[in-house]
Each structure stands twice: as C-alpha cells, then as structure tokens.
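What follows is one structure encoded as structure tokens, with my remarks underneath.
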Amino acid sequence: MSHPASTPAAGPAVPLRVLPILPLLFVGSGCAALIYEVVWFQLVQLVIGSSAVSLGVLLGTFMGGMCLGSLLLPRFISRQEHPLRIYAWLEGAIGVLGLLILFGLPALGNVYAMIPAGGLFGIILRGLFCAVCLLIPTVLMGATLPAVARWVEATPTGVSWLGFFYGSNIAGAVIGCVLAGFYLLRVYDMAVATYVACAINFAIAAAGLLLARRAPHHPVVEAPTEVAPTAGARSIYLAIALSGLTAIGAEVVWTRLLSLMLGATVYTFSLILAVVLIGLGIGSSTGAYMARVAHAPRRLLGWCQLLLPVTIAWTAYLIAQSLPYWPVNPSLSTDPWLTLQFDMMRCAFTILPATVLWGASFPLAIAAVARRGEDAGRLVGRVYAANTVGGIVGALLFSIIIIPTMGTQDAQRVMMLIAVVAALLVFLAPATELPAGVPASRRRLVPVGVLTVVSLLLVAGVHAVPAGLIGYGRFLATYSTLPKFLYVGEGMNSSIAVSELANGYRNFHVSGKVEASSEPQDMRLQRMLGDLSALVAGDPKTVLVVGFGAGVTAGSFVPFPNIKRIVICELEPLIPRSIGPYFSQQNYDVLHDPRVEIVYDDARHFILTTREKFDVITSDPIHPWVRGAATLYTKEYLDLAREHLNPGGVMTEWVPLYESHADAVKSEIATFLDAFPGGTVWANNEDGHGYDLVMLGQQDPTRIDVAAVSQRLTNPAYARVAASLDEVGIQSLTDLFGSYAGQRSDLEPWLHDAVINRDKDLKLQYIAGLENNSYDNAQILADFSQYRKFPEDLFVASDDWKNALSAAMSLPRH
C-alpha cells in the first residue's frame, strides 16, 4: 500500500489489551442486529404484505438506513469523541428503538390500514411506512462500524483490525440467525426475541462505556486538508459496489433455487442465510489477514472478483445438474434435525466458495483505498456505503426485474458478467502498487484475455433449473419417470409449472410442490371451497378468493347466477395468465368472466387495506409449512376476514392433512374456531382416508337451511351449480353435508393442547416446518373423528332428512 509524501500526525496506538475485546463486542452487535432483522421483517410484513414489491421496499429501507448511517456518522460526529463511547451510545439507542418498534408498530399499522393504497401510491406508502419504522434504528446500525473504526489508524495493521471487526460482526449475525430462526421464534415469540436482542445491546453499551473509561482516547489532530485519494479509488468503490450487487443478487437467486430442493420452510431460509453469513465471515477474516500481510490488496481484490464467475458457475452446476439428482428421499426420515444437518451440508457444498470471495472483498477494498492519516471512520463508511448501495440495487434488480423477465439461468449469467466487470475495473484502474519495471499495459492484457475467454465459456455453460425440480422439488430424485411438462415459468415470487400425467390429469406446481390439479380428490376440495361456501351463505353477491391456483375454486362461483363480483387476490402475477388457460375446462374459463377482478397483492395486505365487504371469503393458501403462509392462518388474520364479511357471510379455509402433523393441524383448527366459535369442519377424504379439510365459519353460529339449499339446487338457474358438484362426486345434499367432520364443542378434548397461531409468534410455520416430511393424514383423521357427533343444531331440516344423513354418516343422532 502506498502512502503520500506527508501525513498528518497520528495519535498513540490503541492499547493492545483493548483491541482483542472489540471483536467480541461486534459478535454481540451482529447477533442482536440479525435477531432484529428477522423480527422486524416479520412484523412489518404483517402490515405491508409479503409480495416481491413489499419485500423489495422493506429490504431497500433496511439496507438504505445502514448505508446512510455509515456515511453520516463520520460527517456529524467529530474524531475528538471517544469511539467506544459513541459505539456504546449507538448500541444502547438501538436497544431502546427495538422496544419502541415492538410496541409501537401495531399502532402505526392501524394508521396505515386506514389509508386505501394501490398502484404506485401504495408502493410509496409502503416505503414511507418502512422508513418511519426502520430508518432510524438501521441508520444507527450502519454507524457502529465507522464509529469503532476511528479507534484504529488507516495502516495495514489498522485496516486488518477493521476486517476482523467486520468478520466478528458477521460471526455474531450467524449466531443471531440460528438463535432466532431455530430457537427463540420456535419456542417463544417475537417479543421474547426482541427482549434478548435488547439485552445484548444494553450489555454491549455497558461494556463499551466501561472500556472507554479504562482506555482513554487520544485523538489525532484534525488534518487541515483532505488526504489525497488513492489512485484508482473510484474504480475500487465501483468494484465493491458491484460485488455487493452480485452478492445480494446471488442470495436472492440461490435462495429461490435451494428452497425448491430443500423445501421452503422457515428453517430452510434460516439455514441458507446462516451458510451465506458463515462464508462471508470466513472470507472477511481471511481478507483481513491478507490486508495486513499483502503488499498489493488491490490485486487480491481483483482476483477475488475474477474467481467469482468460476464459483458462481460451480453453484449453478450443482443446483441444476447435480444436487437434485442425488438419491435422497426426504420421507425416509421424519427427524427434522437429521434432515437439517444434511441440508446444511448441501448448502455449504453449494454456496460457500462464492460467499467466501464476497466476504474477502470487503476488507481488501478498504485496504486498497486506505491512506495513512485518513479518518478511518470515513474510509470504512465510504466502502461500506458503496457495498450496501450495490446490495440494494442487487436485491431490487434481481427479485423484481431480472428473475421475472429473464429467469434464474440468465440471472446467474448476469452475475458472472458483472463480476468480470468488477475485476476489470480493479485490474485496469490506475494504480501505484505495480512492481517496478513491469509495464502496466502488459499486466493488464493477460487478465483481460483470460477473464474474457474463461468467463464466456462459463457463462455459456450455465444450465436452466430442471422442470422436475420446479415440479417436485425435494422429491425429484424419487421419480423414475416424470410427466410431460406443458409449461414452466419463473415469476416475481414463485417458480411454477404445469404437468400432464399419462392418464390426462394435470397438475399445477408451485415452488417444488403440487398445489392444485384436475385429479378427483383435488377437484372435490377445490369445488367444495366454492360451492359449500356459496350454498351456506344463501344468496351471495360478492366473493373474495384468496389464491388463484388453477382457478378451480374461483371458477366454482361462475355458475352461481346471483353473484355480481368475484375478486381474486393472487400474489404471483404469472399464475393467472399462464396457468388459468391450462385448466379452463375445470375453472369455467374464470379469467374471462366479466364479474372477475384480479388483485395482485398479498391477501392479508389487501384485506387489511380494503373497505369492501364480501358475502364469501374463501382461502386456499399454500401449505402452512411454507415460509410466510402461516400469516394467512393467524387469529388476527381470521378476525380481520370476519370483520370484512357481510351479515350472514361465510369464510372458508383449506387445511391439509398430508405433509403435516397432528400438532400443526390442531393449531390450524383451533385458531380458526377461536376466531369463528360457531365454525365447523368438513372433510375431503380419499378412499376413506384423510386428505384435507375445509373450515367454515360465520359471524354467528352456522345454521344451514337444507330446504332452501335444496330449492336453489333444483332451480333451473342453478343447473350448472348442481352439475359442477356432480362432476366431483357430490350427487346429493347427503353427499355434500355428509362430509361434516366436527365443531368446536365436539373437538375441544382433542384440541386442548393446541397452539393458537398469532401474529406475534407465528408458531404454526415452525410447528409445520418441522413435520413437512410426515404423512400422518390417516391417523390424524382417525384421532379427531372419534370425537365427532351428529350436529343436531347445525341443520334446519326434517327429522327424516336428519335420520338419512345420520345413517349416511354412521353417526347416531342421540
């Protein structure tokens, strides 16, 4: 590293007894920050939704705040202030704000819900909400590293310590990720997780103040003029920004692809994040050491970027051509911890090489632009800000634009090309560290030629994600033959496919699992969600359908003559227009019905912000073990839906019994019946065994006028409704209402230990995520069926009809 001819006077060296303690403080700081990140993301998503746009706005605000903090602290806090004291006050303030967000967010959410939001205005409003909630604490988080950076000098040794501080912060983030994702939120709730993070902040603040007393600060004399920048510094800043862009872009792409293979549970996402952070930590620590001993950190930074296309190609090869075909059957073990160990090994094998290079790039970039006598806080702030800005661009660019328009195959190619550009910026930029007597032009030609040829070859070799992986995910290796795939697409939020079996049945796949089909058991469920809801509601006029799927549930309302409006809320824009036509016969071509309006938004956010009320709300969300789906099974969401029902309106919700466990099913049923005390449970069985359930609730206890329902079904205007039921094997009211499976008063003994799924803890996604390899559906049905009693008060009907139903259900009336 070269130095200017004259430098400002430097203060005394930092006491050696203090320096080894600082990484420990940064471990705690990173741990607390990651716990907050997990908790805040869950809290804020409950209000603004979990669509790609919402997540992009949320992530942009979070990272933008950290970027601002890294830039603003050196400008507004004098170097004369004790760095450890500033650091301590920052940590203490973060802890206080963590408590304020925990208790203040619900009030802000209520204000947000009062403002109708849609389109561009809705996106702006979401951004303002995130800024109000997160900007100040994230600014303080971003300021912590520049604050402590002033405790060291801008020398190779000092820069190396900065790298170790950064690596320690990442190590703490790994601990926080595992602690929050696998323990605090699984066993406790978001409040307890926040208290733990606050306690860590306050402990760090106390330790920082104590250290500040025992290690007095002797600040340097402020330089009268700015230190001259390093030659080619702008290229280094741009290169580290591109490094941040590819790093976050890769996290977006690889999380999407790895979750196909491992199952998109909360544990999978925590596992992937932990492995990413481990790689960054190993890399930053290695880069910090190299920054101390190497004479040319700029060239090392260039080689890190140069090797990235190789490691990205390695990851792309494993994901598309190797790991999905490993002979692994997830259902062989129902022990989730064994599965997680194996999944972690696969994640590390796949993404660790690239993340190590990204981690090493940060301290090497600091070393490459550092000048003796420079304000270390400003130095770190600029590099950190450049890296973070690149990360923000990468998150938005890849999640909202590149993946939906180009797909993950080309997204990885783009990452590789951007890494090449970053390497070229470093190698070809003006520099003063080249060995004497070596022509710069010659040194530039070799890397340029090698980079161009190797990168183009690797880019061309990236394969697309297999259709079978999108279709069958973690079970792909168990299929000896695959169906014919009619469509494969990668949208903004999900990867989707349509396949056709040899018998002509079609399946709709979302992110590695079948979510709808034209097979008999699925058709019966999808029609029940629509027809049962509308018939019990009496004479519905307005309907809200949560989730388009194959469009069969939404299409079930098309034959009803008096329905005037059908609102379909779908998170993934690609699904209706791409999937609907493949099931047009089953969904009555619902997309072209003039009564239909499709709202592309998170259903929870739509219900929270709309003032419209409905006669029917039917919810067919993705499996509750999928991360984020549990927000559509919470007590608060169901209360919100109940408030948006017109008098006499009906709410129905799907509950799967397969890929589930008794504890998860109990939680789903108990939570629904807590929101709808007079609700009922209806079974959709397959060959007499449990398959899935339909929960049905109203604001008042449900009463079904059988004569009125019969009269409607025999009315010629309802002929298509009767035909739609007949198509799925429901040929009479006895068939339809014979699927009754229980109500709260019957099931209370079975539900006595059920966990109510609430916004503040979202227990369901942790319970269901541990048991998604279980297939206990037959046992679950048998367990709660023993409590089933004939529902005397549910049906308004003659004794003869009730006797006939009782006989069909094999349930005595008394």
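The values are calculated or read from the model by the stated rules, or taken from the named source; none is laboratory data. Small disclaimer: the values here were computed from a predicted structure and weren't measured. With ideal geometry, Cβ positions are generated from the backbone for all residues, glycine too; neighbour counts draw on all protein chains shown. To get the accessible areas, we keep the full protein, side chains included, count just its heavy atoms, and leave off ligands, DNA and RNA. Shrake-Rupley method; radii C 1.70, N 1.55, O 1.52, S 1.80 Å.
Could you tell me whether any residue of the stretch 351-360 is among the aromatic types (Phe, Trp, Tyr), at pLDDT 90 or above and within 26 Å of Ile123 (Cβ to Cβ)? Looking through the stretch 351-360, none of the residues is among the aromatic types (Phe, Trp, Tyr), at pLDDT 90 or above and within 26 Å of Ile123 (Cβ to Cβ). Just so you know, in the stretch 66-83 the residues that are aliphatic (A, V, I, L, M) and open to solvent by less than 50 Å² (accessible area, probe 1.4 Å) include one that is nearest to Ser29 (Cα to Cα), and it is Met66. For the stretch 793-814, the set of residues classified as in a loop (DSSP other than H, G, I, E, B) and either surrounded by 20 or more Cβ atoms within 10 Å (Cβ to Cβ) or touching a helix residue (DSSP H, G or I) at 6+ places or on another chain (Cβ under 9 Å) (or both) consists of Leu794, Ala797, Ser798, Leu811, Pro812, Arg813, listed by residue number. Scanning the stretch 326-367 for residues that are closer than 22 Å to Gly279 by Cα and of a type in the set (D, E, K, R), we see that the one that is surrounded by the most Cβ atoms within 10 Å (Cβ to Cβ) is Asp343. Scanning the stretch 361-375 for any residue that is in a helix (DSSP H, G or I), aromatic (Phe, Trp, Tyr) and either on the phi > 0 side of the Ramachandran plot or under 23 Å from the mean Cα position of the chain (by Cα) (or both) turns up nothing. Screening the candidates Ser511, Ser518, Ser556 for the property of being more than 27 Å from Phe614 (Cα to Cα), open to solvent by less than 20 Å² (accessible area, probe 1.4 Å) and of a type in the set (Ser, Thr, Tyr) yields one hit, Ser518.
Scan the stretch 706-729 and tell me whether some residue there is on the phi > 0 side of the Ramachandran plot, of a type outside the set (A, V, I, L, M) and touching a Pro at 6+ places or on another chain (Cβ under 8 Å). Yes, the conditions are met somewhere in the stretch 706-729. Are there any pairs, at least 6 apart or on different chains, whose C-beta atoms fall under 6 Å, with the first in the stretch 663-676 and at negative phi and the second open to solvent by 10 Å² or more (accessible area, probe 1.4 Å) and among the small types (Gly, Ala, Ser), and if so, which? Within 6 Å, the pairs are Lys666/Ala754; Ser667/Ala754; Ala670/Ala754. Could you list, in sequence order, the residues of the stretch 702-716 that are free of Cβ contacts under 8 Å to residues at least 12 places away in the same chain and not in a helix (DSSP H, G or I)? Result: Asn715, single match. Here Pro573 does not fit the description of being farther than 18 Å from Ser724 by Cβ, open to solvent by 10 Å² or more (accessible area, probe 1.4 Å) and modelled with pLDDT of 95 or more.
Asn587 falls short on exactly one of the conditions (1) modelled with pLDDT of 95 or more; (2) touching an Asp or Glu at 6+ places or on another chain (Cβ under 8 Å); (3) polar (S, T, N, Q), and that condition is (2). Taking into account only those residues within the stretch 95-120 that are over 22 Å from Leu46 (Cβ atoms) and at pLDDT 90 or above, which is least open to solvent (accessible area, probe 1.4 Å)? Looking at residues that are over 22 Å from Leu46 (Cβ atoms) and at pLDDT 90 or above, I get Gly95. Taken over the stretch 180-205, the criterion of being open to solvent by less than 10 Å² (accessible area, probe 1.4 Å) and either of a type in the set (Ser, Thr, Tyr) or outside any helix (DSSP H, G or I) (or both) is satisfied by Thr194 alone. Here Leu696 meets the list (1) within 17 Å of Leu525 (Cα to Cα); (2) outside any helix (DSSP H, G or I); (3) of a type outside the set (Phe, Trp, Tyr); (4) more than 39 Å from the chain's Cα centre (by Cα) almost entirely, failing just condition (4).
For the condition buried (at least 24 other Cβ atoms within 10 Å of the Cβ) and either in contact with a strand residue (DSSP E or B) (Cβ under 6 Å, 6 or more places away or on another chain) or not aliphatic (A, V, I, L, M) (or both), Gly49 qualifies.
The condition of being open to solvent by less than 10 Å² (accessible area, probe 1.4 Å) and out of contact with any strand residue (DSSP E or B) (no Cβ under 7 Å at 6 or more places or on another chain) does not hold for Leu713.
Give me a count of the residues in the stretch 444-497 that are touching a residue at least 24 places away in the same chain (Cβ under 8 Å), closer than 27 Å to Val328 by Cβ and out of contact with any helix residue (DSSP H, G or I) (no Cβ under 7 Å at 6 or more places or on another chain). Total meeting the criteria: 6. The single condition among (1) free of Cβ contacts under 8 Å to residues at least 60 places away in the same chain; (2) out of contact with any strand residue (DSSP E or B) (no Cβ under 7 Å at 6 or more places or on another chain) that Arg627 does not meet is (1).
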